[in-house]
Structure formats: C-alpha cells, structure tokens
Amino acid sequence: MTDKVNYRRLGDIAVIRIANPPVNALGQAVRAGLQDCMDRAEADDGVRAVLLVGDGRTFIAGADIREFGKPPAEPHLPDLCNRIEASPLLVVASMHGVSLGGGLEVALSAHYRVAQPSARVGLPEVHLGLIPGAGGTQRLPRVVGSGAAVDMITSGRHVGAAEALALGVVDEIREGDPEEEGLVATRALLDKGMERRPVSGLPSPAPLDWDAVYAATLKKGRGQISPAAAVRAIQASTELPFAEGLAEERRIFRELMETDQRQGMIHSFFSERAVSNLPDLRGVEPRAVGHVGVVGGGTMGAGIATAVLLAGLNVVLLEMTPEAADKARNRIAGNLAGALRRGKISQDRYDTLLSDALQTTTEYADLSQADLVIEAVFEDMAVKRDVFSELDRICRPGAVLATNTSYLDINEIAAATSRPADVIGLHFFSPAHIMKLLEVVVAEHTAPDVTATGFALGKALGKISVRAGVCDGFIGNRLLNACRTAADHMVLDGASPWAIDKALTEFGFAMGPFAVSDLAGLDIAWATRKRLAPHRDPRERVGRYPDRLCEAGHFGQKTGRGFYLYEDGMRAGTPNSDVTGFIEAERAELGIVPRDFSPDQIVARYLLAMVNEGAKLLEEGIARRPLDVDVVLVAGYGFPRYRGGPMKWADMTGLSDVLSDIRKLAEGDAWFWKPAPLLEDLVREGRSFEALNG
Ligand code: CAA
C-alpha cells in the first residue's frame, strides 16, 4: 500500500480509494498501491467484495502520461487489470468525473460498474498517438459490440453516463457521494448473491468487414496512424482468444509507443496546458469581466460576439449604422443557429441570448459600462486609432481595451489612448466562435492584470490562449508569412501551387497555403504586400503572380475564382489554369528555368522556413517558449497535431540537420534563408528547442 491508495474495511466490503491528485493518474505508486490493496482484501478474513473509488474530482483519468517514453516500471497496468478481474472477490467500480484510458480499463476489469449521472467515460489514447494498452481493445468490444467499440476507440470521444448505460459500459447510474452510492450498490449485489462477471469471459464480439473499417479509419485520420492501428487491435478481439488478443494489443501499443506521432501528440497535450501557465502571471488577479463590448459586426466581430455570448457573458455590439447593426445581429443569429443545430445550446437559450444578452447599438456611449471592449474593425491604423481614442473617451476607468488586429502595431494603437496599460491584443481566428486559438498580444505598456484578464477571458471562452509580443503578424501570421514566402519562391522556381497544397495536405495540414489564401481572400495579402512594399529590402524576392490575380478582380472563394475555381456555393475548388499563365510569364521575365520539386522537398522547405522564423521569434521574445509557437500552429493554422508543431518537428528531425539544410538553401538565397542565430547557438551547444521549454 502507498499513500496514494487507501484501504478501509466496512463490514464485508473493502473500500479501495485512489488518491493521486489532481486526476488520479495511474502512476507506478498507484498501480503498486492498487495491487497491494487487492492482496490485502483477499487476505482479509470475511471480506466478500471490493469497492474501487476515486478521491477528489474524478475516478481515474488514465495512465500517467508523464511516464510514457521512460522504462516501464512494475506492476504493469495490463497485469494489474487482469489481477483485479481474476480476484475471487466481487469487484465493483464506482465512477465519478472521468474514467479515461487506463481508468476505464481498470473499471472494465471490475465485475460491476456504477456511475454518477455526470460521469464520462472514454478511451482517448488515439489522441496521444496510442491505442488502449491495458485490455481496452479486448474488453470494451466484448461489452458493447465491435461497431460501438470501433466508434469509441477510434474517435477517443468522451461518452456521458446515460449513453454509457445504454451501451452497457456501466451497469447502473446512481446520484450522490460516489463511495456511499458504490457501497449501496455493492451491498445490494452481495445480498442478491451476484456472481463475479469477468468481461474477458464474455463471448467474442461479432466481426466486421475489417479491411473496409481499417481503410475508412486510415483515410479519416489524415495521416494519423493510431486510430487505424486500434481497428486491428479490436479485430483481434473478434478473432483470437482473450489472452492472445491482449498480446496483440500489447504488440501494437508498444510499436506505437516508439513513433514520432506518439511523441508529437503527447507534446501537444502538455503544451496546450502549459501555454497559459505563465510564471509572471502567478498570483496576478484578472479584472472581473461580465459585460463585453465589441466594435464592428463583420464576420470577425460577429464571431467574437457569438463566442462571448456562448460563454454566458453579455455583449453590446457597436456598428456605424442601424443597417450594419442589423446585419451584425443577423450574422450572430446565424452563428447561434449553428450552435443550436449542433446541439450546443437549447432553443430557450438561443432565444434568451439574442433577446437579453445581446444588444446592438450605433452609440459609443452604450459601451460606457463594458468591462472589456474588443475592437474588430477594418485593418487600418488610422481607423483603429480613431476607435481607440473614442473608447478612451467613453469607457469607464479600469475597462480593458482590446484590439483584434492581426498585424498592426498595438503600441501605436495604445498610444491613441491616455491609458496604454489597459490596452492589449486579443487576436481571434475566423470563425471566432469555433476556432480554438486566441493570441493574447502583450504590448509595451500592458499591465499584468490586463494580460491575466486576456487569459481569463480566453479560458471562459474555451480557447487555447497563447502569449505573444508585438511584431508584424505576432506569432502565427509571422510564421505563416515566412512559409508562404517559401511557397511562393518554390512556385517561381518550378512547383505549382496545387502540387504544394497537395504535398502539405498529405503531410497532414488541414489545408494547403494556396487554398487557405483563397478562403481568407487574396485581397488581404495583396493589401499587406502593398503596405510592406516601401519598407522592403531590395534583396527580398517577392512573387508578383498573386498580384496579377487580384488586379483581374479575383480574390479567391468570395469571387469564385482564385488559385482554384469555385462552382456556385462549393467550398472545394479545381485548379485555376489562368494562374499557370501568370506564373510562366513571371518566370520568363526573371529568366528562371523551372525545376522539379518532390513532395518531400516541398514539405521540408515549407517547414524549414517556419522553424527558422520561429527561432527568430524566440530570440526577439515575441514567443516565450518553442511550445508557444507549436501550439499556435497546431491550434490556429491546421498544423497536424500528431506532429506536435514545427519546433517539435525540428527537434525530432534533429537541429543540426535542420540547420545544415537551411545553410544549403542560403547558398541560393542568402537574404531569405539567413539562419536564426538562436538555431546556430542551439546546434553549437548540442541542445534542442525542448531545452528552452522549461
Ligand atoms: N497523466 C498525467 N497527468 C495528467 C493526466 C494523465 N493521464 N491527465 C491530466 N493530467 C494533468 C494535466 O497535465 C494537468 O496538469 P497541470 O495542472 O500540471 O497542467 C492536470 O492533470 C489537470 O488536467 P487538465 O488541466 O486537463 O484538467 P481538466 O479538468 O480540464 O481535464 C481531464 C481533466 C479530462 C482528465 C484531461 O486532463 C484529460 O483529458 N487527460 C488525459 C486523459 C487521457 O488521455 N487518458 C488516457 C491516458 S493513456 C492510457 O491510459 C494508456 C493506457 O491504456 C495504458
């Protein structure tokens, strides 16, 4: 027994309580404690049943992820599960909070499962690049059938208690204290003489068309292998005796444990939690926010207002004219209708959000009581400064004044007010009520409690918030510009935009950069290019072919024509051959003889540009840690989560290889490919980006 697992005897029932805060992860000490307590119960005269229960907020959240990648220590979880199931005593699990991964596997090794109505269960290992490794792929199908097991295990989704009861994952739902309710259920089972019921003894589940299920899962994973690997393990449960199925599961689990995808996903898991854990904000109280003002009701402003409403806060949205205010209200109503359709809100809530929680106005004075105002107007410095000087005039002292600019200098915006300490950037991503990322951009004079308020708002909105400093594009757009430039150079040198998009989606990106440009609107990047043109160094290589498209009035999806052609209402396009003409003309003008690029070369150049720029951001302090860069790219830019982000990719590739590839590219374009000094330092010192994550 250890202090992480307690043993208590109540008559003929032994209560084994797991107490390993915060989430009762099954680290070595917990496994050893559970084993000792099971031994003790079996040796304890007169004990007839064991009740497993979790202390604190949850039953068991799974294996201790921090132990992955280290040498496994005994007792191993699969053996422990078998040992619990094989006990001659009746074993009951009383589940509250979450029972995930190894937590559900322990529960499935018990002979009976009771759950609180609010409990959730699941086998989310695929999101860590793994499959369940302690019998989950063998026991769950025996309980719920092959089809439901494939759904639960390949999606990794959390299943609520009611559904878990309907599927048979839990036997009974009881509301109250988990231990007391577990004891009542165990008592009743003993009284009616309930026999032990080991899941491994249940008949094998019916087979499916496994090759078809495997192929469909592989396709859906967009390059992620663990869900498809899980299908093969579930298949084993239908074809092999239990013990052999377990061995097959173990084999696949071990294989996945050695992959870069497992490393990438676990890096993402911890990084997503680490981004909002900033040492300089410890002990800093955020300002209270109940009323939020939004200035501008276009796609972005309406999306932000929707996100804020869905978080339960009141919104006053300011527009220039009553017509524009009506349009903004309609956009918000449309967004909320989507949430209603997806079952995120009820009809009642939809009605109250629109009638009570949202106010639209054309008067700045209506923002006077807002605790925080988010400006989302046109990307133009003069317009933004006007808005902020009005806000400065009208807002109450202590109100946080935030801009949603994606590129502009927030210090300059803040200087339009008499209170720069209250000014911050809150950079949302479109559609703002759906995209997970929020860049919290801290300007020169931003007060710490204003930064803390930005993070607190992000949390209330269910976002992943990342701290960034002020520069052109902050973290995400600056990296995007760098790799977009690398892509443009490849186009000038011989690759087609469509080949580049294809190589990058095959790498796992949600979309390629040219399809993204079409979605965002080509006019936006055009305006940026024009804005930056006067400041460009003559050595900078800038493709002109996208300007030709814009000059012809083709702005991507919104005009039906960009790098792709979009049929009426279609989101996916077919290559626009006009673009080839523009590219070929430019190559001829520049005397470039086009060369071939393999998909690997395309991906490598794109990522090398990202990594080099990421290292520069770190040097400049725009991003504090490599993991911040990784999370921005994964949560906001479609970088495949299973690869962990660009800086993790660089670490896994090896920084000295990354640097030597960048140096080779610099032989052709010394301006663009100048290696980041930080990268050179790390290679010289034999260190990795991980070493900077703290
Ligand atoms: N191992 C180690 N630490 C864990 C953990 C785990 N399984 N689950 C959560 N934690 C840690 C988090 O890192 C976080 O730590 P910090 O406070 O230091 O940042 C802390 O517990 C609280 O977690 P959250 O901030 O995420 O809290 P939450 O309330 O929002 O969510 C949760 C709780 C739903 C359990 C969520 O943390 C979660 O989904 N955890 C992962 C669950 C999981 O994937 N389990 C399967 C593990 S793999 C497995 O079990 C393999 C096997 O078959 C052998």
All but one of (1) modelled with pLDDT of 95 or more; (2) within 15 Å of the ligand (Cβ to nearest atom) hold for residue 73; which doesn't? (1)
Only residues in the range 264-275 that are within 18 Å of residue 691 (Cβ to Cβ) and touching a residue at least 12 places away in the same chain (Cβ under 8 Å) count as the first member; pair them with residues that are near the ligand (Cβ under 10 Å from one of its atoms) and of a type in the set (Val, Ile, Thr), Cβ under 9 angstrom, at least 6 apart or cross-chain, and list the lot. 266/65; 270/65
Can you tell me which residues in the range 144-168 are out of contact with any strand residue (DSSP E or B) (no Cβ under 6 Å at 6 or more places or on another chain), within 16 Å of the ligand (Cβ to nearest atom) and closer than 21 Å to residue 81 by Cα? 149, 152, 153, 156
So, first residue within 20 Å of residue 376 (Cβ to Cβ) in the range 412-425, second residue part of a loop (DSSP other than H, G, I, E, B) and among the charged types (D, E, K, R), Cβ within less than 6 Å, six or more apart or across chains; the pairs are none
Among the residues of the range 1-45, write down those that are away from the ligand (no atom under 16 Å from the Cβ), assigned to a helix (DSSP H, G or I) and basic (Lys, Arg). 40
Of the residues 665, 679, which is more than 27 Å from residue 277 (Cα to Cα) and either surrounded by 14 or more Cβ atoms within 10 Å (Cβ to Cβ) or modelled with pLDDT of 95 or more (or both)? 665
Every residue in the range 62-77 that is closer than 15 Å to residue 34 by Cα and either in a loop (DSSP other than H, G, I, E, B) or of a type in the set (Lys, Arg) (or both), please. 62, 64, 73, 74, 75, 76
Within the bounds of the range 592-602, is there any residue that is assigned to a helix (DSSP H, G or I) and surrounded by 24 or more Cβ atoms within 10 Å (Cβ to Cβ)? no
Just checking, how many residues over the range 1-40 are crowded, with 21+ Cβ neighbours inside 10 Å, touching a residue at least 40 places away in the same chain (Cβ under 8 Å) and not charged (D, E, K, R)? 9
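Enumerate the strands (runs of 3 or more DSSP E) found wholly within the range 276-392, keeping only those where 3 or more residues are within 18 Å of residue 438 (Cα to Cα).
Values: elements: 291-295, 314-318, 358-361, 372-375.
Passing ranges, in order: 291-295, 372-375.
Among the listed residues 175, 125, 181, identify the single one that is within 15 Å of the ligand (Cβ to nearest atom), in contact (Cβ under 8 Å) with a residue 24 or more places away in the chain and of a type in the set (Asp, Glu).
Working: 175 fails: within 15 Å of the ligand (Cβ to nearest atom); 181 fails: within 15 Å of the ligand (Cβ to nearest atom).
125 is the lone residue from the list that is within 15 Å of the ligand (Cβ to nearest atom), in contact (Cβ under 8 Å) with a residue 24 or more places away in the chain and of a type in the set (Asp, Glu).
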Just name the residue that is farthest from the ligand (Cβ to nearest atom) out of those in the range 46-57 that are closer than 19 Å to residue 185 by Cβ and part of a loop (DSSP other than H, G, I, E, B). 48
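Does the range 167-188 contain at least one residue that is more than 17 Å from residue 93 (Cβ to Cβ) and either out of contact with any Gly (no Cβ under 9 Å at 6 or more places or on another chain) or at pLDDT 95 or above (or both)? Working first, answer last.
Let us first name the residues in the range 167-188 that are more than 17 Å from residue 93 (Cβ to Cβ), namely none.
For the range 167-188, residues more than 17 Å from residue 93 (Cβ to Cβ) and either out of contact with any Gly (no Cβ under 9 Å at 6 or more places or on another chain) or at pLDDT 95 or above (or both): absent.
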Selection count where residues are touching a Gly at 6+ places or on another chain (Cβ under 8 Å), within 12 Å of the ligand (Cβ to nearest atom) and not basic (Lys, Arg), scope the range 257-284: 6
Looking at (1) assigned to a helix (DSSP H, G or I); (2) on the phi > 0 side of the Ramachandran plot, which is the only condition residue 611 fails? (2)
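With over 30 Å from residue 693 (Cα atoms), more than 14 Å from the ligand (Cβ to nearest atom) and assigned by TED's automatic domain parsing to the domain that holds residue 153 as the only criterion, which of 245, 303, 193, 296 stands out? Before you say what the answer is, go through the steps one by one.
Numbers: 245 fails: assigned by TED's automatic domain parsing to the domain that holds residue 153; 303 fails: assigned by TED's automatic domain parsing to the domain that holds residue 153; 296 fails: assigned by TED's automatic domain parsing to the domain that holds residue 153.
One residue alone meets the criteria, 193.
If you go through the range 44-58 one residue at a time, do you hit one that is basic (Lys, Arg) and under 21 Å from residue 195 (Cα atoms)?
Checked against the condition, which is being basic (Lys, Arg) and under 21 Å from residue 195 (Cα atoms), the range 44-58 yields at least one hit.
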Looking at (1) away from the ligand (no atom under 15 Å from the Cβ); (2) of a type outside the set (A, V, I, L, M); (3) buried (at least 24 other Cβ atoms within 10 Å of the Cβ); (4) part of a loop (DSSP other than H, G, I, E, B), can you tell me which one residue 133 breaks? (1)
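Return the residues of the range 155-177 that are on the phi > 0 side of the Ramachandran plot and surrounded by 18 or more Cβ atoms within 10 Å (Cβ to Cβ); say none if nothing qualifies. Break it down into steps so the answer makes sense when it comes.
Initial filter on the range 155-177 (on the phi > 0 side of the Ramachandran plot): 156, 168, 176.
Passing the criteria: only 156.
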Which one is farthest from the ligand (Cβ to nearest atom), of the residues in the range 99-118 that are crowded, with 24+ Cβ neighbours inside 10 Å and more than 19 Å from residue 50 (Cβ to Cβ)? 100
Is it the case that residue 284 is surrounded by fewer than 22 Cβ atoms within 10 Å (Cβ to Cβ), modelled with pLDDT of 95 or more and outside the structural domain of residue 457 (by TED's automatic domain parsing)? yes
Looking only at the range 137-148, decide whether some residue is buried (at least 20 other Cβ atoms within 10 Å of the Cβ), in contact with a Pro (Cβ under 7 Å, 6 or more places away or on another chain) and either free of Cβ contacts under 8 Å to residues at least 40 places away in the same chain or within 14 Å of residue 104 (Cβ to Cβ) (or both). yes
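The values are calculated or read from the model by the stated rules, or taken from the named source; none is laboratory data. In this text, all values refer to a predicted model and were calculated from it rather than measured experimentally. Here the Cβ is made from the backbone with ideal geometry for all residues, glycine too, and neighbour counts use every protein chain on show.
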